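Everything below concerns the one structure shown next.
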Amino acid sequence: MAAEAEAAALGRVADVEIDGGGVFKYVLLRVRPRRAGAAGKEVVRGHGWAEYHADIYDKAAAELERQGLDCECLGGGRISHQHEEKKIHVYGYSVGFGRANHSVTTEKLKAKYPDYEITWADEGY
């Protein structure tokens, strides 16, 4: 894939895809083109349907692979999304992937939800 096409494919990947409300597991992923040394970006995926963090990772990895992109899981946790109150809290960890850098996740969420109060903590599961 040419560099311009790689950049375009990466640009089409949403930084944040989470459920509209509730408490659910999430993963922080680094997405990049398959070419060695290619620049990438971090993205957040969180869904209530997932029994395990790996379920979210597996679905995202398959979708990204179809677009010619690779991803690696940087860790996971939980998100409490209170849509009515415009609050999101990021916390906890993934047993399988370890704790995500919640400060990175929080910055991604703030860009997507600028009118929300967004907090994070390393405590909790």
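Residue count for the stretch 1-14 satisfying the condition of being crowded, with 16+ Cβ neighbours inside 10 Å and part of a helix (DSSP H, G or I): 3.
Summed over the stretch 17-43, the residues that are in contact with a Ser or Thr (Cβ under 9 Å, 6 or more places away or on another chain) and farther than 14 Å from residue 72 by Cβ give a count of 5. Against the test of being open to solvent by 60 Å² or more (accessible area, probe 1.4 Å) and at pLDDT 95 or above, the options 43, 23 yield a single qualifying residue, 23. For the stretch 66-125, a tally of residues being at positive phi and exposed (fewer than 15 other Cβ atoms within 10 Å of the Cβ) returns 4. For the stretch 20-67, a tally of residues being more than 19 Å from residue 99 (Cβ to Cβ) and touching a Cys at 6+ places or on another chain (Cβ under 6 Å) returns 3.
The values are calculated or read from the model by the stated rules, or taken from the named source; none is laboratory data. The model shown is predicted, which means the values in this text are computed figures rather than measured ones. Virtual Cβ from ideal backbone geometry, glycine too; neighbours counted across all protein chains shown. The protein model used for the area step is the full one, side chains on, heavy atoms only, and it has no ligands, DNA or RNA in it. Shrake-Rupley method; radii C 1.70, N 1.55, O 1.52, S 1.80 Å.
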